[in-house]
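To keep things clear, I will list the structure first and then write my remarks on it.
Please treat every number below as a calculation from the coordinates, not as lab data. Given the structure is predicted, the values throughout are model-derived calculations rather than measurements. Counting neighbours? That spans all protein chains shown, and the Cβs are built from the backbone with ideal geometry, glycine included.
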């Protein structure tokens with residue numbers, strides 16, 4: 001796999017040279033591979049939102065370099081413009097970005113700015129609507145007449161329609177109930193599976209991060225605290241707790257069961273893994289499971 005995003009030693013300082021100067025991002029380097037699902041976690045104020053706004057040029061680093069597909073996105077205006085189509089950024093509460101007369105026009109806004117012909121725009125709009133589960137008749141209504149969940153789907157479809165190679169989502173399930181969260185996650189995974197795009201997913205939910213991510217990056221006070229597979233990251237529960245983060249509830253339960261003497265794996269962070277581990281223990285006759 002090749003790298004779609006490479007971040008080299010970037011820092012971002014707000015209000016530089018004033019009494020309010022603050023380093024929000026400090027000398028961060030990371031990369032995202034094609035097709036990878038990366039979770040970005042950290043406490044409120046750790047620099048997550050500031051960091052991801054560098055990936056498509058919304059923010060320019062105070063120092064360091066951002067490469068998309070091997071090219072410096074700030075090398076020229078054209079490079080920045082190209083990066084904004086290759087890296088699709090979905091903000092928290094994306095439904096607030098809806099503004100057009102119809103859902104169709106809203107979804108078509110990005111592809112139209114890319115200079116595509118009407119036939120290709122139409123294909124992308126209808127494909128994106130299908131990916132997020134919007135019915136055909138919803139395309140001709142005002143986005144403001146949609147339900148809350150449909151508004152968020154329409155906003156996601158507008159980014160999907162640009163067919164980015166990297167989809168960056170900043171807390172896309174904020175404010176949703178469990179059913180709504182699951183539906184949005186399924187939309188994102190469906191898009192990744194069909195398009196082959198990489199996904200970088202900012203979240204406060206350790207359960208969501210554990211369940212969907214191939215790799216986790218943990219930010220703390222503007223710096224990378226650790227990164228690795230969910231099993232590797234959540235095995236460092238003390239470091240996460242010290243950084244103001246929690247671990248998945250099921251992981252916390254299994255740590256306590258191990259402390260009480262049950263020979264269970266500490267690398268359990270999803271409910272299916274927990275079930276498999278309990279069955280393994282039961283079938284092996286190594287202890288009683290209540």
field: P(r) of the stretch 138-290 over all Cα-Cα pairs, binned every 5 Å from zero, in whole percent
entry: 1, 8, 15, 17, 15, 14, 11, 8, 5, 3, 1, 0, 0
- request: Compute the relative contact order of the stretch 216-260 as a whole-number percentage, counting only Cα pairs closer than 8 Å that sit 6 or more residues apart in sequence.
  value: 22 percent
- prompt: Relative to the longest principal axis of the chain, what angle (0 to 90°, nearest 10) does the C-alpha long axis of helix 178-195 take?
  reply: 70 degrees
statement: residue 136 and residue 276 label points (each 7 Å along its Cα→Cβ direction) are spaced in nm at 4.1 nm
- prompt: Hey, any idea what the orientation-averaged projected area of the convex hull of the stretch 248-290's Cα atoms comes to, in nm²?
  reply: 2.6 nm²
- prompt: Given the rule -39500 (n - 2.57) for each run of at least 4 DSSP H residues, summed and divided by the residues of the chain, what is its mean residue ellipticity at 222 nm, to the nearest 500 deg cm²/dmol?
  reply: -11500 deg cm²/dmol
query: To the nearest 10 degrees, how steep is helix 148-160 against the longest Cα principal axis of the chain, on a 0 to 90 scale?
result: 70 degrees
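Highest mean first, how do 82-88, 242-248 rank when packing is the count of other Cβ atoms within 10 Å averaged over residues? Could the numbers behind the result be given before it?
On the way: 82-88: 22.3, 242-248: 17.7.
In decreasing order of mean packing, 82-88, 242-248 become 82-88, 242-248.
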query: Starting at 0 and stepping by 10 Å, how many percent of the alpha carbon pairs of the stretch 194-262 end up in each bin?
result: 18, 51, 23, 7, 1
task: Would you calculate the separation in nanometres between label points at residue 22 and residue 112, each defined as 7 Å from the Cα along the Cα-to-beta-carbon direction?
output: 3.8 nm
message: Quick check: residue separation of residue 76 and residue 13 times 0.36 nm, minus the Cα distance between them. What number comes out in nm?
response: 20.5 nm
field: DSSP beta bridges in the chain [antiparallel fraction, %, rounded to 5]
entry: 55 percent
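Working out 0.36 nm times the residue gap between residue 239 and residue 96, then minus their Cα-Cα distance, what length gain in nm do you get to one decimal?
Working: separation 143, 0.36 × 143 = 51.48 nm, distance 3.58 nm.
Stretched out fully, the residue 239 to residue 96 stretch lengthens by 47.9 nm.
If contacts are Cα pairs under 8 angstrom and at least 6 residues apart, what is the relative contact order of the chain in percent?
Relative CO of the chain lands at 21 percent.
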task: Convert 10 °C to kelvin, take the viscosity as 1.306 mPa s, use the Kirkwood radius over C-alpha pairs of the stretch 91-142 as Rh, and evaluate the Stokes-Einstein diffusion coefficient in µm²/s, rounded to a whole number.
output: 139 µm²/s
- line: Checking 152, 258, 211 against a Gaussian network model of the chain (alpha-carbon springs below 10 Å), the top fluctuating residue turns out to be 258
query: Using a Förster distance of 35 Å, how high is the FRET efficiency between residue 58 and residue 34, based on the Cβ-Cβ distance and rounded to 0.05?
result: 0.95
Calculated Rg and Dmax of the stretch 75-211 using C-alpha coordinates, Å: 14.4, 43
- request: Note down the relative contact order for the stretch 27-99 as a percent, whole number, built from C-alpha pairs under 8 angstrom at least six residues apart.
  value: 22 percent
- line: Checked the chain with the C-alpha gyration tensor, a ≥ b ≥ c its square-rooted eigenvalues, rounded below a/c of 1.5, otherwise prolate if a/b is larger than b/c and oblate if not; verdict oblate
message: Within the stretch 71-115, name every residue whose backbone N is under 16 Å away from a label modeled 7 Å from Cα of residue 144 along the Cβ vector.
response: 95-106
